[in-house]
Amino acid sequence: MQLQQLQYFVAVAETRHFTRAAERVHVSQPSLSQQIRALEKELGAELFSRARGNIALTDAGEALLPLARRILADTDTARHEVQELVQLRRGRVRLGATPSLCTGLLPDVLRAFHDRHPGIRLLIEEGGSHDLVRQLARGALDLALVVLPLPTASPALTTVELFREDLVAVSATPEPGPVRIADLRDRPMVMFRHGYDLRELIVAACRAEGFEPSYTVEGGEMDAVLGFVRAGLGTAVVPRMVADAARDLRVAPLAPPGLRRTIALAHRSDVAPPRAARELQRMLLDAPGPRGD
């Protein structure tokens, strides 16, 4: 008994027509009929009644049909499971993340993922949440680490909160204590470029205190901003995990209520991520959050 024979048998049983069954399984009608006869010979029983051109299942055919369907379903499951395992030996994962997360969260997680699955290529796209959401929607990314709330509502995406993180003030000189948002009115700041998630959050907090921040330098990405702060050009407000990694800078917490950001993992709702992407997703969900979450 061969799986191909069972496939042909199920096709005839469901169409009750040899020619239509042959078309369904993409073989010639004589070949299909030959395989059905071989199966009947193997089982020692006729599976179909062919009286006057009407195709009907015999008692033996009725008994075989649910078993054949189950065997074929189990075969598909086995094939799928093996392919899933193969995907963890080779393939790729396309992950988007904001620059600060590429600096703070991802290195340790990606190292652990690579150690477990060295055959998987990791393709990282840095960008703001708005750009990452757009790339997810058009299928250019499998997963993305974004800042909530999203810049625009996107019902086609599923997001899972990973952690909440405090923002802190960093400078080249020691701070006497916690920094209030209002204190930023009278000091020069180093500010991220337009469209950067953190810029929008910081500027909104300053405006809520009734002032527009003044900048010594503006327009950089995370690494550039930290470099400008090291050079003594001003104060920047950055995520706690970034500040912890920048050990040569002076770090001060923001006075209550402070500022926090919410990091989430996003993927398309209508398409399941590939097996390798789901494994990376699991590791990101299990990763410890930064201090202050």
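Some notes on this structure:
Results for (1) out of contact with any helix residue (DSSP H, G or I) (no Cβ under 8 Å at 6 or more places or on another chain); (2) farther than 15 Å from VAL10 by Cα; (3) open to solvent by 60 Å² or more (accessible area, probe 1.4 Å); (4) part of a helix (DSSP H, G or I), shown as yes or no for each residue.
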residue: VAL27; (1), (2), (3), (4): no, no, no, no
residue: PRO30; (1), (2), (3), (4): yes, yes, yes, yes
residue: GLN35; (1), (2), (3), (4): no, no, no, yes
residue: GLU40; (1), (2), (3), (4): yes, no, no, yes
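- Among (1) under 28 Å from the mean Cα position of the chain (by Cα); (2) surrounded by 16 or more Cβ atoms within 10 Å (Cβ to Cβ), the one test that LEU65 misses: (1)
- Any chance LEU285 is under 30 Å from GLY139 (Cα atoms), of a type in the set (A, V, I, L, M, F, W, C) and loosely packed, with under 15 Cβ neighbours inside 10 Å: yes
- Selection count, segment 195-211, where residues are farther than 13 Å from LEU259 by Cα and either among the aliphatic types (A, V, I, L, M) or free of Cβ contacts under 8 Å to residues at least 24 places away in the same chain (or both): 2
- One residue stands out in segment 185-225 among those that are of a type in the set (A, V, I, L, M, F, W, C), in contact with a strand residue (DSSP E or B) (Cβ under 7 Å, 6 or more places away or on another chain) and assigned to a helix (DSSP H, G or I): the one that is nearest to LEU249 (Cα to Cα), namely VAL225.
Listed here are the residues, each with its yes/no results for (1) open to solvent by 50 Å² or more (accessible area, probe 1.4 Å); (2) among the β-branched types (Val, Ile, Thr); (3) at negative phi.
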| position | (1), (2), (3) |
| --- | --- |
| LEU143 | no, no, yes |
| LEU150 | no, no, yes |
| ARG180 | yes, no, yes |
| VAL190 | no, yes, yes |
| ALA208 | yes, no, yes |
| ALA231 | yes, no, yes |
| VAL237 | no, yes, yes |
| MET241 | no, no, yes |
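The values are calculated or read from the model by the stated rules, or taken from the named source; none is laboratory data. The structure displayed is predicted, hence computed values, not measured ones. Positions of Cβ are backbone-derived with ideal geometry, glycine not excepted, and every protein chain shown enters the neighbour counts. Remember, those area values only see protein heavy atoms, side chains included, never the ligands or the DNA or RNA. Shrake-Rupley method; radii C 1.70, N 1.55, O 1.52, S 1.80 Å.
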